[in-house]
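Colleague: Can you keep this structure in mind? I'll have questions shortly.
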Amino acid sequence: MTVAPQASRARRRVLGGYSRLVVSRFTYGLTPGLAKQVRSRGGATDWFEWQLQPEKIRDRGVADLAGWWPGLAFSGADAWNRHVSEVQPGWTLMFDYQRWLLLRRIKTRRQVHEVMTEFWEHHLNVPANGEPFFVHRKDYGDTIRSHALGRFEDLLQAAITHPAMLMYLDQAVSTAKHPNENLAREMLELHTVGRKNHTEDDVKNTARILTGWRVDQFKTWEPFYDQAAHATGPVRVLGFSDPNASPDGRAVTRRLLTYLAHHPATAERIAHRLAVKFVRDDPPAGLVDRLARVYLDNDTAIRPVLRALVDSPEFRGSKGSKVRTPSEDVVATYRALGVKVKRPTGDKSAAHAILWQTGSLGAFPQAWPRPDGLPLTNQAWSSPARMMASMQVHWAMGGGWWPKEDARYRRPAAWVPRYPMRFDRLVDHLSRTILHQPATPVLLQACCEATEIGKRERITRDHALIRWGMPRLLATILDSPTFYTR
């Protein structure tokens, strides 16, 4: 069969190695539109700097999501009253919150900001579930987002004293007579200096400092400070000491949090977690030390640390080293296929079903039940069961079969840029579109075997591939190892 010359048919442009790495690692999926945005900004370095100023980026698509789940506008007492009157139980409100997050991640133009918001929500984890703190969980996420690219000290102050955190880790019921140590322990072990860097006396004194921060649970749900509940008297936590003489312990709380945010062990812990998330599971000690120094030298500011991270040789050499989490996989699939999700009109709407898709891969977004947050390492998300579940999602969406309601998929014929087209060139085009890299010989061979089409076979408008075979081809590309990494 003769195939017409295709010299004039330009291949889809893809970003180069470093640019592709920066954008893949700090977004929820590289798309042709995003690549165009990067090029228009002058390359990955300038694009990244632009992304570090999210307030300057218009984000109309996300603003439109605000009214899709009206229950999210209620908080505190109103959310609880809706729960007890069975207008909207708390766990279903959290389902809507999780859906809202997933749609944000698909649509937002402030991709780096959203990725960092998720990072900090895991670091300062408060699960989005049906426990009573659901009444403040949406506001907690908004608070994290407002500090996600600012100073860690400000983020820590806001998160530790937020009513959602106070309720989740039992600080809301802690008193001078019976100090509860849950928040104090996790704050030292997970949020700041880390394990083996403190003693039991440090935990007990931290718990005493935190007494007084309360929430009017099951009544108004408003946070308040109760001076009668604050444990006064001298305290010492690591190198921090304070007479703690005032019944109002808010000032000593802030002084302790400032001290902990600037502690070298906290700097190392934050630097290590950032390196694990964005570089590799076992980051070199030299990289962690450098990032920790940048963190301390810049008054705990996050932006300088991120700049140093993406500019490091360790980051530049980390291609393919990080596996996507379940929610990252699902969101990236929607972005790669260009699925247009519409305002939900029923239970089967795509905007609702996306949550069940994510859960089928092993983890609902922001629902990790323990204070330590979702695992950052590859091992947690590299099981055969996870791969099988991902393949099912890729297959269903490659065919546009589920979720189908209130969603628009690209027609099979629309994936072919021109007719006729040789099959190997079509595979290369799809690889550039979905994976953002040229097709490898292994991928081409896999596509040939999956579709039973020869490499040089001509694809026409009435070819079997267009009539019924495109889902198999798209799923094969989505199932490639490249798509499982970011």
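Colleague: Got a number for residues in segment 40-58 being under 21 Å from the mean Cα position of the chain (by Cα), open to solvent by 10 Å² or more (accessible area, probe 1.4 Å) and farther than 23 Å from ARG151 by Cβ?
Modeller: So the answer is 1.
Colleague: Filter segment 50-82 down to the residues that are part of a helix (DSSP H, G or I) and among the hydrophobic types (A, V, I, L, M, F, W, C) and list them by number.
Modeller: TRP50, VAL62, ALA63, LEU65, ALA66, LEU72, ALA73, ALA77, ALA79, TRP80 - these are the residues of segment 50-82 that are part of a helix (DSSP H, G or I) and among the hydrophobic types (A, V, I, L, M, F, W, C).
Colleague: Name the one entry in TRP91, TRP100 that is open to solvent by less than 60 Å² (accessible area, probe 1.4 Å) and among the hydrophobic types (A, V, I, L, M, F, W, C).
Modeller: TRP100
Colleague: Filter segment 131-145 down to the residues that are under 23 Å from ALA66 (Cβ atoms) and either of a type in the set (Lys, Arg) or in contact with a helix residue (DSSP H, G or I) (Cβ under 9 Å, 6 or more places away or on another chain) (or both) and list them by number.
Modeller: Matches in segment 131-145: PHE133, PHE134, VAL135, HIS136, ARG137, LYS138, ASP139, TYR140, GLY141, THR143, ILE144, ARG145.
Colleague: Next up: Look through segment 371-381, keep the residues that are outside any loop (DSSP other than H, G, I, E, B) and either touching a Leu at 6+ places or on another chain (Cβ under 7 Å) or more than 21 Å from THR117 (Cβ to Cβ) (or both), and return whichever of them is modelled with the highest pLDDT.
Modeller: By that ranking, first place goes to ASN378.
Colleague: Kindly provide the set of residues from segment 390-416 that are open to solvent by less than 60 Å² (accessible area, probe 1.4 Å) and within 23 Å of PRO344 (Cβ to Cβ), ordered by number.
Modeller: Result: VAL393, HIS394, ALA396, MET397, GLY398, GLY399, GLY400, PRO403, ASP406, ALA407, TYR409.
Colleague: Further question: Do you know which residues across segment 443-480 are touching a residue at least 40 places away in the same chain (Cβ under 8 Å), closer than 30 Å to ASP281 by Cβ and out of contact with any Gly (no Cβ under 7 Å at 6 or more places or on another chain)?
Modeller: The answer is ILE477, ASP479, SER480.
Colleague: What tally of residues in segment 269-326 results from selecting those that are of a type in the set (Phe, Trp, Tyr) and under 22 Å from ARG105 (Cα atoms)?
Modeller: Counting residues in segment 269-326 that are of a type in the set (Phe, Trp, Tyr) and under 22 Å from ARG105 (Cα atoms) gives 1.
Colleague: Which fully enclosed helices (runs of 4 or more DSSP H) of segment 294-370 have 1 or more residues being touching a helix residue (DSSP H, G or I) at 6+ places or on another chain (Cβ under 6 Å), among the hydrophobic types (A, V, I, L, M, F, W, C) and open to solvent by 30 Å² or more (accessible area, probe 1.4 Å)?
Modeller: 302-310
Colleague: Now, a different point. For THR460, state whether it is β-branched (Val, Ile, Thr) and surrounded by 14 or more Cβ atoms within 10 Å (Cβ to Cβ).
Modeller: Judged against the criteria, THR460 is not a match.
Colleague: Hey, another quick one. With ARG105, ARG137 as the choices, which residue is in a helix (DSSP H, G or I), in contact (Cβ under 8 Å) with a residue 60 or more places away in the chain, of a type in the set (Lys, Arg) and surrounded by 21 or more Cβ atoms within 10 Å (Cβ to Cβ)?
Modeller: From the options ARG105, ARG137, the qualifying one is ARG105.
Colleague: Based on this model, can you work out whether LEU156 counts as under 30 Å from ALA332 (Cβ atoms), open to solvent by less than 20 Å² (accessible area, probe 1.4 Å) and modelled with pLDDT of 95 or more?
Modeller: No; evaluated as a whole, the condition is false for this residue.
Colleague: Taking the condition under 30 Å from LEU166 (Cβ atoms), modelled with pLDDT of 95 or more, not in a loop (DSSP other than H, G, I, E, B) and not β-branched (Val, Ile, Thr), does SER390 pass?
Modeller: No: the conditions fail for SER390.
The values are calculated or read from the model by the stated rules, or taken from the named source; none is laboratory data. Values in this document were obtained by computation on a predicted structure and should not be read as measured data. Positions of Cβ are generated from backbone atoms using ideal geometry, with glycine treated the same way; all protein chains shown enter the neighbour counts. Surface accessibility is based on the protein's heavy atoms, side chains included, excluding ligands, DNA and RNA. Shrake-Rupley method; radii C 1.70, N 1.55, O 1.52, S 1.80 Å.
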